[in-house]
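The values are calculated or read from the model by the stated rules, or taken from the named source; none is laboratory data. Note that the structure is a prediction, hence the values are computed from the model and not measured. Backbone-built Cβ (ideal geometry, glycine too); neighbour counts: all protein chains shown. Areas reflect the complete protein model, heavy atoms only, side chains present, ligands, DNA and RNA absent. Shrake-Rupley method; radii C 1.70, N 1.55, O 1.52, S 1.80 Å.
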Amino acid sequence: MTDNIIHIDFSKPDSRWLKKAHTARVNGDVEKAVQLYRTAVEQNPDDFDTGLCYALYLWEIDCWRSSLRECYRLLCLFPEEEKLYGLIYRNLLALGLEDDARFAYEHYMAYLYQNPEGGLNLNEENPPMPDKPPKRRFKHLLLRVTRLMERGEYDRANHLLVHATHPSFPKYSVLRDLLEVQLMAKTGLEEEAAQIVHGMVDEGLLNASQALALLPLMSQLDGPEYAGKLLLYACSVAMDPNELRDVTGACLGLGQSGLAVSILQNLAQEYAYRIDLLYQLAVAYLHNGDVKAAWQLVQKCYQLDPCDAAVNYFYRLMTDSVQSGATAEEILKMPLTLYGSANNVGRLVTQLHIHELFTQNSPEEAVEQLMSYPEQARALDGLCMANEEDLNSLRNGSYALPPDQRNTLLRLVLLFGDLKEEMATKFLEDLAAIRVTGQVTILRRGRLSAETVEDYLAYLD
């Protein structure tokens with residue numbers, strides 16, 4: 001941490017909350033510290049140091065998605081504070097989003113080059129670093145192999161796979177080996193394909209998601225016994241939230257809720273405050289018929305981050321279910337997905353809330369509500385599902401805001417909305433209209449990228 005984070009001016013209006021939060025942090029009272037930091041941010045949402053303290057603490061206790069959301073909010077408020085990319089890329093790495101982490105890491109390195117003394121000192125002996133991206137030609141080659149195999153053109157796919165072993169390409173690639181296994185199984189070399197998988201499992205070369213992808217094939221080649229071994233292997237190596245979601249889903253889908261509970265309980269002993277882990281464990285408990293244990297975990301998730309769309313939805317669902325005395329079987333009949341799933345019911349509910357906000361209020365009133373901290377934090381998770389009508393209403397309502405607040409709102413939508421090309425251009429033009437300069441970080445097709453606002457000035461002339 002830098003000095004201006006450690007030595008905080010306690011004369012600020014929210015100083016008493018920060019002081020109490022730091023005390024709880026030192027005493028190891030995690031849930032109380034999180035609540036106090038969040039209160040400090042709610043009391044003074046436009047203070048950079050307060051927000052950064054909150055984001056840093058969330059990262060320290062492995063609440064990566066919550067920390068990332070707060071970092072993004074601060075980045076939209078203070079786009080010049082590019083030191084935030086140092087925490088952003090760490091959160092993205094922990095979440096298994098390598099491409100986005102690489103984007104943020106490059107921005108952070110560029111910032112450090114210009115400001116050698118302005119980075120985030122997080123007391124790490126070996127700071128994490130994203131892996132180098134594969135060569136674009138190699139990546140495209142493997143993608144072509146995949147498409148050829150999907151069309152049944154195995155001879156052409158084999159020719160390209162042989163070319164993919166050229167010395168100019170990576171010497172070792174799990175994806176290339178997996179494609180080779182699939183191709184061998186399709187062309188009568190089942191025994192050889194199985195042996196390759198056995199070797200990769202014995203040497204621990206596969207990650208959890210790759211092992212799960214091989215389950216149907218290995219069930220055919222080696223029978224259900226080895227498929228079970230492969231599932232246990234996947235459970236033993238699952239670590240990041242994406243792998244954990246895949247493993248939990250596979251266990252529950254195969255009727256192995258007890259295995260899911262066992263694996264998640266072991267991880268929870270080491271990562272006691274990982275929201276994704278606690279959430280998946282709560283779902284596994286429901287599949288195991290234990291409503292009380294699930295309810296306790298959902299309450300803990302809500303205490304850690306009530307603004308998370310998925311957590312908020314699960315908490316309300318469980319509250320109503322527990323009060324009505326519903327059984328685990330009855331709760332599971334409700335729409336409930338694992339944490340991090342693409343079809344997130346919580347996001348849909350948040351999007352419906354945004355739509356209701358614009359339907360029942362004028363665009364100016366709705367935008368004013370969205371700019372308040374609690375409402376803003378809750379709305380962010382639903383922006384990616386907002387329809388064009390609501391986005392146009394949001395644009396219209398933003399005209400009434402002062403330039404600095406309008407700048408923040410437009411950046412928030414671009415960063416969280418994952419907008420279509422035409423709509424993203426409109427928001428970038430709006431930024432250019434208020435004479436914003438420099439790069440803006442946006443979410444495009446699920447990936448982070450950067451756009452230069454000056455490029456859109458031509459549309460206004």
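Structural remarks
- Each part gets one Cα centre, and for the stretch 105-139 versus the stretch 258-280 those centres are 30 Å apart.
- Shown is the FRET efficiency for residue 126 and residue 213, computed with R0 = 30 Å from the Cβ-Cβ distance and rounded to the nearest 0.05: 0.45.
- Packing-based order for 125-131, 270-276, using average beta carbon neighbours within 10 Å, highest first: 270-276, 125-131
- Accessible area expressed per residue, the chain, with surrounding protein chains retained (probe 1.4 Å, Å²): 48 Å²
- Whole-angstrom gap from the stretch 70-100 to the stretch 163-203, using each part's C-alpha centre: 36 Å
- Estimated distance in nm for a label pair at residue 196 and residue 400, the labels positioned 7 Å out from Cα along Cα-to-Cβ: 6.3 nm
- Solvent-accessible area of residue 140 with every protein chain in place, 1.4 Å probe, in Å² to the nearest 10: 100 Å²
- Solvent-accessible surface (1.4 Å probe) assigned to residue 200 amounts to roughly 10 Å².
- Surface composition of the chain: carbon and sulfur make up 49 percent of the accessible area, probe 1.4 Å.
- Cross-link reach list, aspartates and glutamates versus residue 132, counting only Cα pairs under 15 Å and skipping chain neighbours closer than eight places: 98, 99, 100, 106
- When peptides 98-107, 56-65 are ranked by their average number of other Cβ atoms within 10 Å per residue, the highest-first order is 56-65, 98-107.
- Members of 139/229; 186/333; 32/420; 229/420; 300/426 lying beyond 32 Å, as alpha-carbon distances in this model show: 186/333; 32/420; 229/420; 300/426
- Among the chymotrypsin sites (Phe, Trp or Tyr not before Pro) found in the stretch 339-408, those both in a DSSP coil and sparsely packed, with 13 or fewer other Cβ atoms within 10 Å of their Cβ, are 399.
- Distance from the stretch 417-439 to the stretch 230-254 (C-alpha centre basis), Å: 40 Å
- Solution diffusion estimate, µm²/s, Stokes-Einstein, the chain, Kirkwood Rh from C-alpha pairs, 4 °C, viscosity 1.567 mPa s: 53 µm²/s
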